[in-house]
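What follows is a single structure, and I will ask about it in a moment.
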Amino acid sequence: IENNEIDVEMTGNNQQIYFTTHHPDPNQPWFYGEDFYLGFNPHEGFHKYTIEWEPGIVRWFVDEDLIYTQNEVATNNLQYPMAILMNLWAANAEVWVGVWDPAILPAQSIYDYVKYYSYTPGQGNTGTGNNFILEWEDHFEFLDTSRWSVTDYGGFDGNYCTFRETNVQVNEDKLVFTIDEP
């Protein structure tokens with residue numbers, strides 16, 4: 001599989017967040033990552049999550065604070081072009097995310113903005129070592145279909161959801177994903 005991922009994953013646990021990379025190399029573990037307890041509930045209020053990917057290293061920041069750095073040999077396998085993906089789903093994975101309680105529905109994930117920076121070593125103006133330049137940002141005044149693709153998807157093993165285009169909306173300059181029925 002020619003696929004890489006660099007993830008920020010929120011779980012159902014109140015103060016837990018999971019940072020991970022996924023790799024296509026069959027000779028390496030499929031993913032590397034760690035759980036972090038932030039000292040606050042990431043589900044309550046907006047927070048700024050930043051990922052910096054440079055050759056051989058990935059850094060995760062929360063509200064400008066460096067939380068995790070990954071520079072294992074496997075980060076060299078992060079070689080395929082990636083896209084920014086966002087979703088919201090309920091998992092059948094009690095040890096990881098807790099017991100699913102459909103009584104919480106409807107549930108939402110809300111995004112205030114997304115910014116994308118290109119890696120420009122020695123030429124940037126932001127990020128670690130000023131190695132990044134802002135390429136674009138989206139503040140969700142509308143759903144920019146030239147930038148974002150929203151599709152129905154039947155789900156995958158281990159989740160309780162199907163993904164429906166109708167559950168993605170722009171409301172009051174926010175991108176809103178909703179889980180609305182069991």
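Pairs under 7 Å by beta carbon, first residue without any contact (Cβ under 8 Å) to a residue 40 or more places away in the chain in the stretch 84-111, partner open to solvent by less than 80 Å² (accessible area, probe 1.4 Å), six or more apart or different chains?
I84/V114
Exactly one condition in (1) surrounded by 11 or more Cβ atoms within 10 Å (Cβ to Cβ); (2) modelled with pLDDT of 95 or more is not met by F142; state its number.
Result: F142 passes all but (1).
Failed condition for E135, given (1) among the acidic types (D, E); (2) open to solvent by 80 Å² or more (accessible area, probe 1.4 Å); (3) under 21 Å from I17 (Cβ atoms), with all others met?
Of the numbered conditions (1) among the acidic types (D, E); (2) open to solvent by 80 Å² or more (accessible area, probe 1.4 Å); (3) under 21 Å from I17 (Cβ atoms), the odd one out for E135 is (3).
Among the residues of the stretch 123-132, is any under 15 Å from I179 (Cα atoms) and either among the basic types (K, R) or part of a strand (DSSP E or B) (or both)? It would help to see each step written out before you state the result.
The first filter runs over the stretch 123-132 and keeps only residues under 15 Å from I179 (Cα atoms), leaving none.
No, there is no match, as no residue in the stretch 123-132 is under 15 Å from I179 (Cα atoms) and either among the basic types (K, R) or part of a strand (DSSP E or B) (or both).
Another question about this same structure. If only one of Y32, Y37 is of a type in the set (F, W, Y) and touching a helix residue (DSSP H, G or I) at 6+ places or on another chain (Cβ under 8 Å), which one is it?
Being of a type in the set (F, W, Y) and touching a helix residue (DSSP H, G or I) at 6+ places or on another chain (Cβ under 8 Å) holds for just one of Y32, Y37, which is Y32.
Of all residues in the stretch 29-52, count the ones that are over 24 Å from S109 (Cα atoms) and in contact (Cβ under 8 Å) with a residue 40 or more places away in the chain. Lay out the reasoning, then the answer.
First, the residues of the stretch 29-52 that are over 24 Å from S109 (Cα atoms): 29-32.
Checking which are in contact (Cβ under 8 Å) with a residue 40 or more places away in the chain leaves us with 29, 32.
Looking only at that region, the number is 2.
With respect to T178, determine if the residue is in contact (Cβ under 8 Å) with a residue 12 or more places away in the chain, open to solvent by 50 Å² or more (accessible area, probe 1.4 Å), of a type in the set (S, T, N, Q) and more than 28 Å from E54 (Cα to Cα).
Values: in contact (Cβ under 8 Å) with a residue 12 or more places away in the chain: yes; open to solvent by 50 Å² or more (accessible area, probe 1.4 Å): no; of a type in the set (S, T, N, Q): yes; more than 28 Å from E54 (Cα to Cα): yes.
Answer is no for this residue.
Residue check: is Y119 open to solvent by less than 80 Å² (accessible area, probe 1.4 Å) and among the hydroxyl-bearing types (S, T, Y)?
Numbers: open to solvent by less than 80 Å² (accessible area, probe 1.4 Å): no; among the hydroxyl-bearing types (S, T, Y): yes.
Considered against the rule, which asks whether it is open to solvent by less than 80 Å² (accessible area, probe 1.4 Å) and among the hydroxyl-bearing types (S, T, Y), Y119 comes out as no.
Any residue in the stretch 115-140 that is free of Cβ contacts under 8 Å to residues at least 40 places away in the same chain and on the phi > 0 side of the Ramachandran plot sitting within a Cβ distance under 6 Å of a residue that is open to solvent by less than 50 Å² (accessible area, probe 1.4 Å) and in a loop (DSSP other than H, G, I, E, B)? List the pairs, counting only those 6 or more apart or interchain.
If the second residue must be open to solvent by less than 50 Å² (accessible area, probe 1.4 Å) and in a loop (DSSP other than H, G, I, E, B), the pairs left are N130/G124.
Which of the residues belonging to the stretch 10-34 are in contact with an Asp or Glu (Cβ under 7 Å, 6 or more places away or on another chain) and either open to solvent by 50 Å² or more (accessible area, probe 1.4 Å) or of a type in the set (S, T, Y) (or both)?
Listed by number, the residues that qualify are Y18, T20, T21, Y32.
Considering only the stretch 1-97, give the strands (runs of 3 or more DSSP E) lying wholly within it that have at least 3 residues that are β-branched (V, I, T) and modelled with pLDDT under 95. Walk me through it before giving the result.
Working: elements: 5-10, 16-22, 31-37, 49-54, 57-62, 65-70.
Passing ranges, in order: 16-22.
Starting from the stretch 146-170, keep only residues that are within 25 Å of V95 (Cβ to Cβ) and open to solvent by less than 80 Å² (accessible area, probe 1.4 Å), then list their pairs with residues that are of a type in the set (A, V, I, L, M) and part of a strand (DSSP E or B) whose Cβ atoms are within a distance under 8 Å, requiring at least 6 positions of separation or different chains.
If the second residue must be of a type in the set (A, V, I, L, M) and part of a strand (DSSP E or B), the pairs left are G158/A91; N159/A91; C161/I179.
Then there is this: Looking at the stretch 35-86 only, could you name the residues that are surrounded by fewer than 15 Cβ atoms within 10 Å (Cβ to Cβ) and basic (K, R)?
Of everything in the stretch 35-86, just one residue is surrounded by fewer than 15 Cβ atoms within 10 Å (Cβ to Cβ) and basic (K, R), namely K48.
The values are calculated or read from the model by the stated rules, or taken from the named source; none is laboratory data. What you are looking at is a predicted structure, and each value in this text was computed from that prediction instead of being measured. Cβ coordinates were reconstructed from backbone atoms using ideal geometry, including for glycine residues, and neighbour counts include every protein chain displayed. For the accessible areas, the whole protein counts, side chains as well, though only heavy atoms, and no ligand, DNA or RNA atoms are used. Shrake-Rupley method; radii C 1.70, N 1.55, O 1.52, S 1.80 Å.
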